[in-house]
Amino acid sequence: MITIQFAGAEKDWKTYQSLIPEALASKNIETVFQRDVAPENVDYIVYSPSGPVQDFSAYTKLKAVLSLWAGVERVVGNQTLKAPLCRMVDGGLREGMAEWVTGHVLRYHLGMDAHIVNPNHRWQAGTAPPLASERRIGILGLGELGQACARSLNCVGFDVAGWSRTHKNVENVSCFSGQDGLEAILRRSEILVLLLPQTVETTGIINTQALSLMPKGARILNPGRGPLIDDDALLEALETGHIAHATLDVFAKEPLPEDHPYWRNSNVTVTPHIASETRPYTAAKVIAENIARGESGKPFLFEVDRTAGY
Ligand code: NAP
């Protein structure tokens, strides 16, 4: 019998309490799935950084920690964790992100605000937007979520480029990597989407120098992680008009403090970390698949590279 501890957020227990055992039963795996288990008996932990387990030292027979979150920056450096760590990649999370990004890109591309927010009822004729094929979008981070967004933007017809640590070949996407690649993608991006993980290398990647390379009037979407952006540098670029607008879903401190300048800036849209989230029904299947793999000696899916930090 395999013992699995649920160490996710308290509010999620009710949902996963039945979904995970059902997903495991469909793979003929018998388990004990509980919240309160003696650590030395636990084989797998279903985990979220906001859950109760921060110290893994007492989990002496742990085979893997299976996170319900895509981002792992809060656990990847945990020195008490010696077992493999897997992050969440699920279809629902991907779809949600592709929809959020495509929606906000279209808002910018079509200049929707000029007509939705038009208190003086001005007839602004002669302002048809260019076609999507004439609009250059850049995505920093060509992983699970970045590629899902690229596919969705491609379907609308946008000219999409992406940047990653290792070089990629993605159909209909101009792929860049390395420092030169970063400069090249920044120079061409009228709308830049940040979907990098938060690591030592990516923290503050959107700084004064990076922003200065972008075309005047460019827009930024950040559904990745708050610390990717140097906030002072972005506020300065918004002030000068070099960056026309930013839509930010994630922040260095969440919830975004009430007195933060982003709230007061008419060229910033704040969304409260809702770009996408793990969908329990599909996520339970991913967890069950990984436990099945662990039990049959196959490599885990979506295992985090602890050295790279994501
Ligand atoms: P992923 O599959 O691990 O992809 C990460 C991408 O970033 C990869 O293409 C990777 O390059 C690239 N990258 C990492 N470090 C880099 C560096 N130093 N230089 C250049 N490229 C680098 O992650 P994902 O599943 O797409 O998720 C991305 C992030 O989205 C998560 O880490 C999380 O922070 C965020 N997220 C936000 C929400 C929300 O609601 N706002 C929801 C879920 C996730 P390689 O391909 O070469 O490895």
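What is the local net charge at N222, summed over the other residues whose Cβ is closer than 13 Å to its Cβ (Lys, Arg +1; Asp, Glu -1)?
Around N222, the charge tally is -2.
Nearest 20 debye, what's the magnitude of the dipole of the stretch 92-270 about its Cα centre given +1 on Lys and Arg Cβ and -1 on Asp and Glu Cβ?
Result for the stretch 92-270 is approximately 460 debye, rounded to the nearest 20.
How high is the FRET efficiency from R264 to E99, r the C-beta distance, R0 25 Å, rounded to 0.05? All intermediate terms of the calculation are to be shown ahead of the outcome.
Numbers: r = 28 Å, r/R0 = 1.14.
Once rounded, the FRET efficiency stands at 0.30.
Could you check how much of the accessible area of the stretch 92-270 is carbon and sulfur, as a whole percent, using a 1.4 Å probe?
After summing per-atom areas, the C and S share lands at 52 percent.
What share of all Cα pairs of the chain, in percent, falls into each consecutive 10 Å distance bin?
Computed distribution, short to long bins: 6, 25, 30, 22, 13, 4, 1, 0.
Roughly what angle does helix 13-25 make with the longest principal axis of the chain, taking Cα atoms, 0 to 90 degrees, to the nearest 10?
70
So, R0 is 41 Å and r is the distance between the beta-carbons of A9 and I116; what FRET efficiency does that work out to, to 0.05?
So, using R0 = 41 Å, E works out to roughly 0.70.
Please give the charge dipole size of the chain, origin at the Cα centre, charges +1 on K and R Cβ atoms and -1 on D and E Cβ atoms. Round to the nearest 20 debye. Walk me through the intermediate numbers first.
Details: 29 positive and 35 negative charges, 105 e Å.
With only Lys, Arg, Asp and Glu charged at Cβ, the dipole is about 500 debye.
Determine which residues of the stretch 20-45 fall in the zone a paramagnetic label at I2 would reach in this model, i.e. backbone nitrogen under 16 Å from the point 7 Å along Cα→Cβ.
Under cut-off, by backbone N: 20-34, 41-45.
With runs of 4+ DSSP H residues as the only contributors, calculate the mean residue ellipticity of the chain at 222 nm using -39,500 (n - 2.57) per run, divided by the residue total and rounded to the nearest 500.
-9500 deg cm²/dmol
Subtract the Cα-Cα distance of E171 and L213 from 0.36 nm times their separation in residues, and report this length gain in nm to one decimal.
12.5 nm
Tell me, how many Å apart are the Cα centres for the stretch 147-217 and for the stretch 1-64?
37
Largest first, what is the accessible-area ranking of S57, S67 with a 1.4 Å probe?
S57, S67
Note the angle between two axes, namely the Cα long axis of helix 178-188 and the longest principal axis of the Cα atoms of the chain, as a number of degrees from 0 to 90, rounded to the nearest 10.
40
Under a GNM of the chain (C-alpha, springs under 10 Å), which listed residue has the highest mean-square fluctuation: V75, V65, V156?
Largest GNM mean-square fluctuation: V156.
Quick one: net charge around K61, please, counting Lys, Arg +1 and Asp, Glu -1 for every other residue with C-beta under 9 Å from its C-beta.
-1
When the chain is modelled as a GNM with alpha-carbon springs shorter than 10 Å, which of W13, W163, W100 fluctuates the most?
W13
Given N residues in the stretch 1-89, what is Rg(Cα) / (2.2 N^0.38 Å)?
Taking the Cα Rg and dividing by 2.2 N^0.38 Å, one obtains 1.02.
Residues of the stretch 92-270: accessible area per residue at 1.4 Å, in Å²?
Counting only protein heavy atoms, the per-residue value for the stretch 92-270 is 50 Å².
Which loop trypsin sites (Lys or Arg not before Pro) in the stretch 99-137, with loop taken from DSSP, have no more than 12 other Cβ atoms within 10 angstrom of their Cβ?
Numbers: sites: R107, R122, R135, R136; in loops: R122, R135.
Those that pass, being in a loop and sparsely packed, are R122.
In degrees from 0 to 90, rounded to the nearest 10, what is the angle of the helix 280-295 Cα long axis to the longest principal axis of the chain?
The two axes meet at around 50 degrees.
Using Cα pairs under 8 angstrom and six or more residues apart, how large is the relative contact order of the stretch 92-270, in percent?
16
As an exercise, use a Förster radius of 25 Å and the Cβ-Cβ distance of S18 and S296 to find the FRET efficiency, rounded to the nearest 0.05.
Taking R0 as 25 Å, the efficiency between S18 and S296 is 0.55.
The values are calculated or read from the model by the stated rules, or taken from the named source; none is laboratory data. Computed from a predicted structure; not experimentally measured. With ideal geometry, Cβ positions are generated from the backbone for all residues, glycine too; neighbour counts draw on all protein chains shown. These area figures cover heavy atoms from the full protein model, side chains too; ligands, DNA and RNA do not enter into them. Shrake-Rupley method; radii C 1.70, N 1.55, O 1.52, S 1.80 Å.
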